[in-house]
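Novice: First the structure, which I've put down as structure tokens, then a few questions once you've had a look.
The values are calculated or read from the model by the stated rules, or taken from the named source; none is laboratory data. On a predicted model such as this, the values are computed, not experimentally measured, just so you know. Ideal geometry is used to build each Cβ from the backbone, glycine not excepted, and the neighbour counts take in all protein chains shown. All accessible areas refer to the heavy atoms of the entire protein, side chains included, with ligands and DNA or RNA removed. Shrake-Rupley method; radii C 1.70, N 1.55, O 1.52, S 1.80 Å.
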Amino acid sequence: MSKNVYSKIIELVFLKKYREGDVEVNFERSELIDAAVELNLPRPKNVGDVIYTFRSRQELPESIAQKAPRGTEWIITSLGPGKYAFSARIPLNHSIDRERVTMIPDCTPPLVAMYATSDEQALLSQVRYCRLIDIFTDVTCFSLQSHLLTSVPKIGQIETDEIYIGIAREGSKFVIPVQAKGSKDFLSLVQIEQDISMCSSKFPDLKCRAVGIKRDTNDIILMFEYTTRDNEVSIERRASFTIHRL
């Protein structure tokens, strides 16, 4: 389904519910289907893809973006199964100094690299084999699970691309959820917030160090670590790496 169809659907849902001065606009999954019917557009076969598109692939229409309070942007948060909200949040600045790139030897087994199936999957494999999470966090890390699909209270079902468990020199232990994006997608504040909530729920005894990774268009890997202060997520550290064959 075209991006333009998704834009028309999400725009109608927002404008029907928004009132001047709102910082949160609630809606339900079924309203996306209702909007498609009202606009005489094809019903989305995968309604969840509409939400994901405006979280990681495509900016919200300008008619929605311009109604965000000054200094904020709209993100689509989850409030439980089938329930969502446009929430006004301070945006994360994912800019990075591309002149300061660390070169790392490529330790990915050639056979793995040969059969990597997608940009995101290839990125996760490369990060894992080259120990980039360890290098970036200064913690010894071990992959616990890939593509963890679970339910989080007050949010609903989420998927985390990869979970690492780490241990520092003095013995401190960490849980490190990772969100990975290929060159065509962007890191989503919503997914970072969900990862942090998931860690609080599933790993309450471990300190969470949420990480986002993205492959840049020039094949540089960008990495970000997030923290929460006063209920707002911000970027704690950032770095860029390039992988080269030995």
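Novice: State which residue pairs qualify: first residue closer than 8 Å to Phe86 by Cβ and inside segment 16-37, second residue assigned to a helix (DSSP H, G or I) in any location, beta carbons under 6 Å apart, and separation of 6 or more residues or different chains.
Specialist: Val25/Lys17; Phe27/Val13; Phe27/Lys17
Novice: Let me ask something additional. Taking the options Lys45, Lys67, Lys83, name whichever one is more than 30 Å from Thr217 (Cα to Cα) and either open to solvent by less than 30 Å² (accessible area, probe 1.4 Å) or modelled with pLDDT under 90 (or both).
Specialist: Only one candidate passes the filter, namely Lys45.
Novice: Consider segment 215-240. How many of its residues are open to solvent by 80 Å² or more (accessible area, probe 1.4 Å) and either at pLDDT 90 or above or touching a His at 6+ places or on another chain (Cβ under 8 Å) (or both)?
Specialist: So the count comes out to 3.
A quick yes/no check of all residues on (1) among the polar types (S, T, N, Q); (2) over 15 Å from Ala239 (Cβ atoms); (3) modelled with pLDDT under 90:
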| residue | (1), (2), (3) |
| --- | --- |
| Pro105 | no, yes, no |
| Glu120 | no, yes, yes |
| Val127 | no, no, no |
| Phe142 | no, yes, no |
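Novice: Search segment 114-134 for residues being farther than 15 Å from Lys214 by Cβ, in contact (Cβ under 8 Å) with a residue 24 or more places away in the chain and not in a helix (DSSP H, G or I), and hand back the single one that is most open to solvent (accessible area, probe 1.4 Å).
Specialist: In this case the residue turns out to be Arg131.
Condition check ((1) under 30 Å from Arg237 (Cβ atoms); (2) among the small types (Gly, Ala, Ser)) across all residues:
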position	(1), (2)
Gly48	no, yes
Gly71	yes, yes
Trp74	yes, no
Ser87	yes, yes
Ile90	yes, no
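Novice: Would you mind finding the one in Ser95, Ser146, Ser78 that is surrounded by fewer than 18 Cβ atoms within 10 Å (Cβ to Cβ), modelled with pLDDT under 95 and closer than 29 Å to Leu206 by Cβ?
Specialist: Ser146 is the lone residue from the list that is surrounded by fewer than 18 Cβ atoms within 10 Å (Cβ to Cβ), modelled with pLDDT under 95 and closer than 29 Å to Leu206 by Cβ.
Novice: Something else about it: Does Val25 satisfy the condition of being buried (at least 17 other Cβ atoms within 10 Å of the Cβ) and within 22 Å of Gln194 (Cα to Cα)?
Specialist: yes
Novice: I'd like to verify a number: residues in segment 165-188 that are within 20 Å of Thr150 (Cα to Cα) and over 13 Å from the mean Cα position of the chain (by Cα), how many?
Specialist: Final tally of qualifying residues: 4.
Novice: To continue, here is another question. Taking the condition within 27 Å of Leu60 (Cβ to Cβ), open to solvent by 20 Å² or more (accessible area, probe 1.4 Å) and in contact (Cβ under 8 Å) with a residue 40 or more places away in the chain, does Arg245 pass?
Specialist: Judged against the criteria, Arg245 is not a match.
Novice: Enumerate the pairs (first residue in segment 43-63 and in contact (Cβ under 8 Å) with a residue 12 or more places away in the chain and within 14 Å of Lys181 (Cα to Cα); second residue anywhere and open to solvent by 40 Å² or more (accessible area, probe 1.4 Å) and assigned to a loop (DSSP other than H, G, I, E, B)) with beta-carbon separation below 7 Å, excluding pairs fewer than 6 apart on the same chain, so at least 6 apart or on different chains.
Specialist: Filtered contacts from segment 43-63: Ser56/Phe186.
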